[in-house]
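See structure below.
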Amino acid sequence: MENLVVLVTGSNRGIGKATIEEFAKVGCNVVINYCHHEEEALEFMEYIGNTYSVDCMAVKCDISDEEEVEKMVNSIVDHFGTIDVLVNNASVCRDSLLLDKTVKNFRRILDVNLIGTYLCSKYVGKIMLEKKSGMIVNVSSTNAIDTYYPESCDYDASKAGVISLTHNLAREFAPNIRVNCVCPGWVKTDMNKDLSIEQINEERKNILVGRFAESEEIAKVIKFLCSDDASYINDSIIRVDGGKYNG
Ligand SMILES: NC(=O)c1ccc[n+]([C@@H]2O[C@H](COP(=O)([O-])OP(=O)(O)OC[C@H]3O[C@@H](n4cnc5c(N)ncnc54)[C@H](OP(=O)(O)O)[C@@H]3O)[C@@H](O)[C@H]2O)c1
């Protein structure tokens, strides 16, 4: 995988950050994307540059904005010449009672999680199609499949859309570009920072391994899916949830 150029959206923290480091460990050149937290992104870029012998850049881009996505992709191609791997990881989640949600907030979740995944796939996909190679991994969630939380109905719908988009991208981009999707269960990131100890303990009862995942445990699966060892895995939806059920 050495020298591949890897773009991970939403990678200044959480699962995206761990994914960048997994790719850097094996010699890939990496692009950190962020939307709000510039300081974290720049510090992380410096850390990657000082720790691994790879080239690293950080790009600010709101993935829900088509012009910004096009600009981000062009700036990466100007710097690296190409993009080999796209991990559509960035996402937002705002829990509130279903009846309290506003259309504006519901649309924002769909705009970032679903439209953002589409836009990045569209602009990076053009480059991959031209050179007839590339790998895309979309990050969905078990919430899209069989775990239902009315307070995140907007997020869950966006993640179900990401699964559907995976199947359609895989078809349109075949045979040279593989498109897969991972569905994490509970992961220890900022996304879950507001959960109480009681809620965490309650959720842990429904996970066969009895704990939340570390970000690295998701990142390693994403990296595997982009490796030659996964050369025959395409159009797959893979749960990485420690054996999670609805209790
Ligand atoms: N954590 C879990 O339990 C869990 C479970 C299932 C699935 N997932 C999925 O795994 C992925 C990563 O989750 P996480 O827990 O690592 O998330 P996180 O810690 O909340 O980080 C979210 C990332 O997305 C970026 N982001 C947000 N809005 C963006 C936008 N409009 N444009 C570009 N970047 C944007 C953030 O950048 P800024 O900091 O700059 O805003 C940040 O880097 C997501 O797709 C999530 O849905 C997570």
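Each reported figure results from applying straightforward, stated rules to the coordinates on display, with no laboratory input. Remember, it's a predicted structure, so these values are computed and weren't measured experimentally. Counting neighbours? That spans all protein chains shown, and the Cβs are built from the backbone with ideal geometry, glycine included.
The table that follows gives values for the structure above.
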{"quantity": "Virtual spin-label span in nm between Leu195 and Leu129, 7 Å along Cα→Cβ", "calculated": "3.9 nm"}
{"quantity": "Residues Tyr123, Tyr47, sorted so that the one with the fewest Cβ neighbours within 10 Å comes first", "calculated": "Tyr47, Tyr123"}
{"quantity": "Fully extended contour minus Cα-Cα distance, from His37 to Ser164, at 0.36 nm per residue", "calculated": "42.7 nm"}
{"quantity": "Theoretical ellipticity at 222 nm over the chain - DSSP helices of four or more residues, -39500 (n - 2.57) apiece, nearest 500", "calculated": "-13500 deg cm²/dmol"}
{"quantity": "The range 107-242: relative contact order in percent, alpha carbon pairs under 8 Å with at least 6 residues between", "calculated": "29 percent"}
{"quantity": "Cα centroid of the range 150-196 to Cα centroid of the range 18-61, whole Å", "calculated": "22 Å"}
{"quantity": "Average Cα contact separation per residue, the range 5-240, under 8 Å, 6 or more apart, as relative contact order %", "calculated": "20 percent"}
{"quantity": "Nearest-0.05 FRET efficiency for Leu99 and Thr51, computed from C-beta distance (R0 35 Å)", "calculated": "0.15"}
{"quantity": "Candidates Val179, Val221, Val162, ranked by Gaussian network fluctuation over the chain, Cα under 10 Å, top entry", "calculated": "Val221"}
{"quantity": "Residues of the range 22-54 with amide N under 16 Å of the 7 Å Cα→Cβ point at Ser75", "calculated": "30-46"}
{"quantity": "FRET efficiency for Asn246 and Lys188, using Cβ-Cβ distance with R0 set to 22 Å, rounded to 0.05", "calculated": "0.55"}
{"quantity": "Selection of chymotrypsin sites (Phe, Trp or Tyr not before Pro), the range 149-247, meeting DSSP coil and at most 14 other Cβ within 10 Å", "calculated": "Tyr232, Tyr245"}
{"quantity": "Computed label-point distance, nm, for sites Lys220 and Asn176 using a 7 Å Cα→Cβ extension", "calculated": "3.3 nm"}
{"quantity": "Signed unit charges on C-beta, dipole axis of the range 5-240, positive-most listed residue Ile127, Asn176, Ala90", "calculated": "Asn176"}
{"quantity": "Sum of side-chain charges, Asn89 neighbourhood, beta-carbon under 11 Å (Lys, Arg +1; Asp, Glu -1)", "calculated": "+2"}
{"quantity": "Segments 124-137, 198-211, 1-14 sorted - mean Cβ within 10 Å per residue, highest first", "calculated": "1-14, 124-137, 198-211"}
